[in-house]
Each structure stands twice: as structure tokens, then as C-alpha cells.
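Every number in this text was worked out from the coordinates using simple rules, so none of it is lab data. Because the structure is a prediction, the values reported are computed rather than measured. Glycine gets a Cβ as well: all are built from the backbone with ideal geometry, and neighbour counts include every protein chain shown.
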Amino acid sequence: MTSALMKSDKPIILLGAGHATVDMLGDVLRFGNLIVAADGGARFALDNGHIPDAVIGDMDSISDEIRAKIPQSHVHRFHDQDSTDFDKALRSIDAPLVLAAGFLGARTDHTLAAFNVLVRRGGCVLLGEEDIIFRCPPNIAFDLPKGSIFSLFPMGSVKGQSEGLKWPIQGIDFSPNGKTGTSNQVIGPVSLKMTSRDMLVIVPRAALSTVVTQLLATPEWD
């Protein structure tokens, strides 16, 4: 385990080199002001007027021009090629939650790798153009507008219980190559219980504030 390079009692913002927008940045900056860039995510931060408090990665996606604009004390290079920059950054952060933009919507292989890291490490919300994604805690409950799309995607074998979904999940054996729970629908206050940490939750980006509030108040997996 890498020692934490960035610590905060508030959510930390993590920016990647994938698809991110000014609106996404504005969304996450409502919850914290420390910005970590995963390698090439430093360009997006600088282009929007923010010098990253830390840049973490193998530095194969950041130009000399960009590096020259960042204090060298903020740059933390990892030489191992056995993990992604997203993984390197997450394991270097000690915060109640990480809000990450720029890890979805560019390359499919990068998106799948981000899901792999997310389900292994948790403690993070990934922002996409339309959706947000997080690892489901053992128990969580929150209110979303009725009719909202609510998707569950297993990254391993997992079972669960639900309230407030049009199609309850009780009795279903979820797995990546079997039954999944995409395109469900909210019909009331939602509560979930999971048997393992292998379930990803996907909800509309408009639910970010609700999700952040509940994740901050909900114990993660041991």
C-alpha cells in the first residue's frame, strides 16, 4: 500500500486525461477544493485555471510544457507499470471520498480499467457526461426522483436486497457474465444491501449531491 500523499477531511477532486467538462469540474468543486491530477489530467486542471495540488502517475501523458507550469514539489512520479494512473492516485489519497472526472468516455479500455479499480478500492465516485458510478457499500439508502434510471452492474458474484426499485433484486445471483441489473427504475426511496463489495451503482449525474451526502454518512466495506 502506498503512503498517502494527499490528506483531507473533505472530498478530494481527482482529474484524469479522459473526457471531462467545465460543468463536471464545477459539480465536484462544490464539495472540496484540493485537486489531484492523474498524470495527463493536469492539462485539464491548468486549462481551467487550477494548479493541481498534486500530480500522480507514471508521467507518460504529461508534456514538458505542462510540467513546467506545476511546482515540482507537486509532482509524484511512480515508475511501476502494473497499475493505472487512476489506481496510483486513489491509493495515494486519504480522504472520506474522492470525486473523479476524466476517467470515462474516452477509450473503452481505460473505462473498463477504471471500473476494475473502483470496485477494488471504493471510496470514489466517477463522473460521466450523464451518469455517476460508485461501489455500493454494504448498506445504503437515499431518495432519488421517481422515474430515475437506476442501474446495478456486478463486477463479481454478488447478491442483494432492494427497496424502492421497480424490479426488486432479491433472489438474483448477479455476475458479470450472467445476470446484471441495468436500466432499473426508481419508484420510491431507495435502499440497498449487498453481500459483497462487487456491485457498481450507476445513477444520473443530477443525483451527485444526494449520493455524496449518503456516501459520506455510510460505512464502507471493512
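The table below lists the values:
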item	result
DSSP beta bridge pairing in segment 6-129, given as percent antiparallel to the nearest 5	5
Relative exposure of Leu5, Leu127, judged by other C-beta atoms within 10 Å (fewest first)	Leu5, Leu127
Translational diffusion coefficient (Stokes-Einstein; Kirkwood radius from C-alpha pairs) of segment 139-203 at 4 °C, 1.567 mPa s, in µm²/s	112
Exposure proxy ranking, count of Cβ atoms within 10 Å, fewest first, for Met199, Met155	Met155, Met199
Among the listed pairs Lys88/Lys193; Lys10/Lys88; Lys10/Lys179, those beyond 25 Å (Cα-Cα)	Lys88/Lys193; Lys10/Lys179
Taking Thr210, Thr111 and counting other C-beta atoms within 10 Å, the order from fewest to most	Thr210, Thr111
Residue-count net charge about Met155 - beta-carbon cut-off 10 Å; Lys, Arg +1, Asp, Glu -1	+2
Pairwise centroid distance, computed over Cα atoms, of segment 15-88 with segment 156-195, Å	35
Sequence ranges 63-76, 39-52, 91-104, ranked by mean other-Cβ count within 10 angstrom, highest first	91-104, 39-52, 63-76
Per principal axis, descending, Cα span of the chain in whole Å	55, 32, 30
Between 0 and 90°, nearest 10: helix 108-121 axis offset from the chain longest Cα axis	70
Electrostatic dipole magnitude of the chain [Cβ: Lys, Arg +1; Asp, Glu -1; Cα centre; debye, to 20]	500
Beta bridges by DSSP in the chain, antiparallel share as percent, to the nearest 5	55
